[in-house]
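Report on one structure; see the data block that follows.
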Amino acid sequence: MASEETGTVAARTEEPRTTRGTDGQATASPRAWMTRLLVVGIVLSALNLRPAITSLGALLEEVRDGLGMSGSVAGLLTSVPPLCFAVFGATAPRLARRFGLGAVVCAGMTAITAGLLIRPYVGGTPGFLAASALALMGIAVSNVLMPVIVKRWFPDRVGSMTGLYSMALAAGTAVAAAVAVPLAHALGGWQPGLAIWAALAGAAIVPWLPLLRDPSGGGAGRGADSRTRSGAAGEPTARPGAAAGADRPGGAVPAGRADVAGVAGAAAPTAPVGSGAAHSTAERPPLRITRSRTAWALAVFFGLQATGAYITMGWMPQIFRDAGVPAGTAGVLLAVTMVMGVPLAFVIPRVAARLPHQGPIVLTLGACGLAGYAGLYLAPASGAWVWALLLGVSNCAFPLALTMVGMRARSGPGVAQLSAFAQSTGYLISIPGPLLVGVLYQRSGGWGVPLALMAGLMVPQMIVGVLAGRDRTVEDEAAR
């Protein structure tokens, strides 16, 4: 889970061009069309990064009964997502170097589709866990590569594009939580209620197919495109000045963060394929990411926010159901928590990208989480909607963490390494949380002790979040 060397052979990018048709009207070039396809692919992929988890959380009691799970085993089931994200997420940069960004994300969506389709019907807890791991493997690689994709193709709009896919991610999370129980009832049981989400994942495969071998898709078959050896999992060279603030009103990262011109490849000459010149150009040494205190702070922040998020997604409906809230309403309450991320996941990255220090946002989100946990302990049923809203605001630490990944590294390679390190290390940190909550719930017979644990973890999350939000880059710290 330490640093990954993320240098790769990357295609040159160019500004979208327009050509004149026979009628004199301007028409978009294939490059512009491909950019629009990328946006569709990013949004559809983001929609599929959480339904596998939240649909299961809403139906956890039915799944437990159907498979004969104990509370501890159910806790293990809720710990599978961060485990898979840690293990498989670390492989994402290497896979992207070998096969290309578009191919790896396409394969990830295929794995999600297959896993969701077969897991309700394989029979028994081991098969259910294995199929879930297959789906989560696809989610894991996509999690890590989304910031890299945004940094590569939209270096001047990191805040806006991060907000867009974070908003789509939150929407998919919320919809799955809200309709999982009604869908299960309408389709005749929890098994088709879980399997139906494979259809959404299958739709997300389609936009990536044209990018498998297209130069702008980062695929392995780049043909005779000129190449450089700098870039993160497909990081391109950029037109000088293109990212210096063209989209600042839309939430771009401050100058020096998003600008990859002259960092990713301005100094590296291009060379024809097979000439050997591409391999002889100067390559930057691998970034020693573990020397950066900011990288460690961001990894711990990512891990603690992931702990809270997966405990919430896995156990919050059960908390409400144990307090007397009907199953359908408990699922809707989880959806309310998740849907808060739709507007906030778009707003927070844009605001964070304008601030030199993201600490105030970290503290605000943490305070909302502490208030929500206190409410779940004191009045879980009577104030359910308020607690759901507060925890929804708190969970927006995730898009904030993704935004800080893009801001704490100066170059595309740095973003790829920081993304892989922070997410892989962070998900390793988050593995025990959901499992421990399940054990404490079964042993104590209630939610007082688990909620105290959840509130206690929020304090160090706020501390390391403030440290990760300082205005510095991992490249500078690693060099020192």
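The values are calculated or read from the model by the stated rules, or taken from the named source; none is laboratory data. All values reported here derive from a predicted model rather than from experimental measurement. With ideal geometry, Cβ positions are generated from the backbone for all residues, glycine too; neighbour counts draw on all protein chains shown. Side chains included, ligands, DNA and RNA excluded: accessible areas come from the protein's heavy atoms. Shrake-Rupley method; radii C 1.70, N 1.55, O 1.52, S 1.80 Å.
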With θ set to phi - 60° and the Karplus curve 6.51 cos²θ - 1.76 cosθ + 1.60, what are the ³J(HN,Hα) couplings of the range 49-66 in order, to the nearest whole Hz, using x for Gly and Pro?
7, 9, x, 4, 9, 6, 5, 5, x, 5, 10, 4, 5, 5, 5, 4, 5, x
Multiply the residue separation of ALA323 and LEU453 by 0.36 nm, subtract the distance between their alpha-carbon atoms, and state the gained length in nm to one decimal.
44.9 nm
For the range 425-431, just list the computed ³J(HN,Hα) in residue order, Karplus coefficients 6.51, -1.76 and 1.60, θ = phi - 60°, integers in Hz, with x standing in for Gly and Pro.
5, x, 5, 4, 4, 7, 4
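Rounded to the nearest 0.05, what FRET efficiency do ARG443 and ARG293 have when you use their Cβ-Cβ distance and R0 = 51 Å? Don't skip to the end; give the middle numbers.
Values: r = 37 Å, r/R0 = 0.73.
My answer for the efficiency is 0.85.
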Taking a probe of 1.4 angstrom, what is the accessible area of ARG354 in Å², to the nearest 10?
120 Å²
Given a cut-off of 16 Å, what percent of all Cα-Cα pairs of the range 343-432 lie beyond it?
61 percent
